[in-house]
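The structure appears right after this line, and notes come after that.
The values are calculated or read from the model by the stated rules, or taken from the named source; none is laboratory data. Remember, it's a predicted structure, so these values are computed and weren't measured experimentally. Neighbour counts are summed over all protein chains in view; Cβ atoms, including those assigned to glycine, are modelled from backbone coordinates with ideal geometry. Just the protein is used for accessible areas: all its heavy atoms, side chains included, with ligands, DNA and RNA removed. Shrake-Rupley method; radii C 1.70, N 1.55, O 1.52, S 1.80 Å.
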Amino acid sequence: MRMVLLGPPGAGKGTQAVILQEKKGFLHLSTGDILRENVKNNTDIGKKAKAFMEKGELVPDDIVIEMMLNTIENSRDKKDFILDGFPRTVYQAKKLDNELSKLKLPIDIAVYFKTSLKTVILRLAGRRLCSKCGANYHIVNMPPKKQGVCDKCGAGLYQRKDDSEETIKKRLEVYDNQTKELIDYYNTQGILKEVSGDMEAGKVYSELSEILNTCGSDDRHKVGK
Ligand code: AP5
């Protein structure tokens, strides 16, 4: 099954994708993680993307589309994947649909994490990440056992540069103006499902599992809302 996760920054898309990967074996493809890795390694993509990401703006479509279509192509033997953070514009979604139809691997389901503004602001401001393994924490909701230290590998935690108050505002604006319309795009295709992103992570996961249990990979166009 191929799944797209939609929702504002901080809705918990990445958190749930990691759980789905661990528990159900989905391949988690996160545009943000791939871009951040490129920035860290100072690749050509990273050099082009860095300034946009730091300002909270979208990286230009052509860069992201090529990067993600290559990533999908290279992992096409894995037919169950989750796209987290891609597509982010209708233009990206159309390009993705074209490419996946050639590979005969259409998107089966798009899950919209409906989440309040208050929730996403609190989540983004309190998010901390492991500098080594990338594990995701929240200083209040999901704190590590020892403050500032990753439970999994013992490395230090850091705050993403784009989780500053000003950049969060910009990212939310960009979401409203450029990404939100994807909800209609997938609804029109009849493959949109909705979960409440405001709930605690275990409950969100239960809802997601129920959705997946009722959607076999042949269920495209039967999913509805
Ligand atoms: P990206 O990394 O994709 O950021 P985002 O969409 O802004 O999403 P986030 O990672 O901020 O949020 P999330 O929903 O995954 O929340 P999380 O699970 O971490 O993109 C970054 C940048 O890259 C973009 O701004 C852009 O520049 C560029 N980019 C990426 N894709 C692009 C594209 N397709 N086109 C162009 N540019 C692109 O959770 C947040 C926090 O809340 C965590 O601390 C977590 O522990 C906590 N939490 C999660 N769930 C819960 C819960 N249920 N209850 C309590 N706490 C929770």
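Numerical summary
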{"quantity": "Selection count where residues are open to solvent by less than 30 Å² (accessible area, probe 1.4 Å) and not in a helix (DSSP H, G or I), scope the range 48-63", "calculated": "2"}
{"quantity": "Search result, residues across the range 126-180 that are of a type in the set (A, V, I, L, M, F, W, C) and under 17 Å from residue 58 (Cβ atoms)", "calculated": "168, 172, 174"}
{"quantity": "Which numbered condition residue 19 misses (of (1) touching a strand residue (DSSP E or B) at 6+ places or on another chain (Cβ under 9 Å); (2) within 12 Å of the ligand (Cβ to nearest atom); (3) not small (Gly, Ala, Ser))", "calculated": "(1)"}
{"quantity": "Subset of the range 64-89 (residues that are in a helix (DSSP H, G or I) and within 12 Å of the ligand (Cβ to nearest atom))", "calculated": "64, 65, 66, 67, 68, 69, 71"}
{"quantity": "Evaluation of residue 41 against (1) open to solvent by less than 80 Å² (accessible area, probe 1.4 Å); (2) out of contact with any helix residue (DSSP H, G or I) (no Cβ under 7 Å at 6 or more places or on another chain); (3) not charged (D, E, K, R) (one fails), failing number", "calculated": "(1)"}
{"quantity": "Single match in 75, 30 (criterion: loosely packed, with under 13 Cβ neighbours inside 10 Å and in contact (Cβ under 8 Å) with a residue 24 or more places away in the chain)", "calculated": "75"}
{"quantity": "First in the range 192-204 and more than 8 Å from the ligand (Cβ to nearest atom), second anywhere and assigned to a loop (DSSP other than H, G, I, E, B) and open to solvent by less than 40 Å² (accessible area, probe 1.4 Å), Cβ under 7 Å, 6 or more apart", "calculated": "193/223"}
{"quantity": "Residue that is nearest to residue 117 (Cα to Cα) [pool: residues in the range 137-175 that are surrounded by 12 or more Cβ atoms within 10 Å (Cβ to Cβ) and aliphatic (A, V, I, L, M)]", "calculated": "172"}
{"quantity": "Evaluation of residue 97 against (1) within 14 Å of the ligand (Cβ to nearest atom); (2) modelled with pLDDT of 95 or more; (3) open to solvent by 30 Å² or more (accessible area, probe 1.4 Å) (one fails), failing number", "calculated": "(1)"}
{"quantity": "Any hit, the range 130-148, residues being part of a strand (DSSP E or B), touching a Cys at 6+ places or on another chain (Cβ under 9 Å) and more than 9 Å from the ligand (Cβ to nearest atom)", "calculated": "yes"}
